[in-house]
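Notes follow once the structure below has been shown.
The values are calculated or read from the model by the stated rules, or taken from the named source; none is laboratory data. Just so it is clear, the model here is predicted, and its values are computed rather than measured. When we count neighbours, we look across all protein chains shown, and the Cβ atoms used for this are built from the backbone with ideal geometry, even at glycine.
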Amino acid sequence: MDLNYFKLTIIILFFTHSIYSQTNIPSIYIKTLNGKSINSKSTLNQNGLTVYSFWATWCVPCINELDAIHNEFDKWEKTNVKLVAVSTDDSRTKRRVRPLINGKNWKFDVVLDENQKFKRALNISGIPHTIVVRGSEIIYRRIGYKPGDESNLYDFLLKNSKKVID
């Protein structure tokens, strides 16, 4: 085997492992929209799946994804799924979060990760980033969004929520 090929393979494996090395939701303090500090573990759905959608007010694909989920959310709730939209807006843009949410009238929980500790603890480098959790174990990740991804995510939730309900 060529030595350069071997080195490249090792680098790719290391990089891939480091990106997804976090297998559980970490215990990090985040804020509610009212400014109350809560532990990330308290946002977990103890009786089903939890979907974390990391987003920001300046991220158009993020807003598109959350709008698409909002439009389908009534059927999502039947799968015993809790959605937590985690805003990664920093001190410069966090003042835009509440007006945007009020205008959208989203039906799911929104929390603030102002210092991005939660995002960093999960090795998230880009948004939108979607994570599905059973208990506190991460069972699915997706980076980015294109129209229709919400349907694929819903199908995944349907398949895996039965494992929780049964």
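Below, the figures for the structure above:
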{"read-out": "Residue among Phe118, Phe54 that alone is aromatic (Phe, Trp, Tyr), modelled with pLDDT of 90 or more, over 25 Å from Asp155 (Cα atoms) and out of contact with any Gly (no Cβ under 7 Å at 6 or more places or on another chain)", "value": "Phe118"}
{"read-out": "Tabulated pairs, the stretch 26-42, first without any contact (Cβ under 8 Å) to a residue 24 or more places away in the chain, second loosely packed, with under 14 Cβ neighbours inside 10 Å and part of a loop (DSSP other than H, G, I, E, B), C-beta under 7 angstrom, 6+ apart or interchain", "value": "Asn39/Ser27"}
{"read-out": "Residue within the stretch 84-102 that is under 18 Å from the mean Cα position of the chain (by Cα), under 21 Å from Asp155 (Cα atoms), surrounded by 10 or more Cβ atoms within 10 Å (Cβ to Cβ) and modelled with pLDDT of 90 or more present", "value": "yes"}
{"read-out": "Residue within the stretch 104-112 that is within 20 Å of Glu150 (Cα to Cα), more than 15 Å from the chain's Cα centre (by Cα) and buried (at least 17 other Cβ atoms within 10 Å of the Cβ) present", "value": "yes"}
{"read-out": "Matching residues, the stretch 53-63, being over 12 Å from the mean Cα position of the chain (by Cα) and assigned to a loop (DSSP other than H, G, I, E, B)", "value": "Thr57, Trp58, Cys59"}
{"read-out": "Lone unmet requirement of (1) more than 26 Å from Asn102 (Cβ to Cβ); (2) β-branched (Val, Ile, Thr); (3) modelled with pLDDT of 55 or more for Ile30", "value": "(1)"}
{"read-out": "Residue within the stretch 64-74 that is in contact (Cβ under 8 Å) with a residue 40 or more places away in the chain, in contact with a Leu (Cβ under 8 Å, 6 or more places away or on another chain), in a helix (DSSP H, G or I) and closer than 23 Å to Leu158 by Cα present", "value": "yes"}
{"read-out": "Members of the stretch 77-108 found to be within 16 Å of Trp55 (Cβ to Cβ) and of a type in the set (Gly, Ala, Ser), listed by number", "value": "Ala85, Ser87, Gly103"}
{"read-out": "Qualifying strands (runs of 3 or more DSSP E) (wholly inside the stretch 85-166; at least 1 residues being over 25 Å from Asn34 (Cβ atoms))", "value": "129-134, 137-143"}
{"read-out": "Cβ pairs under 7 Å, 6+ apart, first in the stretch 109-126 and touching a residue at least 24 places away in the same chain (Cβ under 8 Å) and within 21 Å of Thr23 (Cα to Cα), second assigned to a loop (DSSP other than H, G, I, E, B) and polar (S, T, N, Q)", "value": "Asp113/Thr88; Gln116/Thr88; Lys119/Thr88; Ala121/Gln22; Leu122/Gln22; Asn123/Ser21; Asn123/Gln22"}
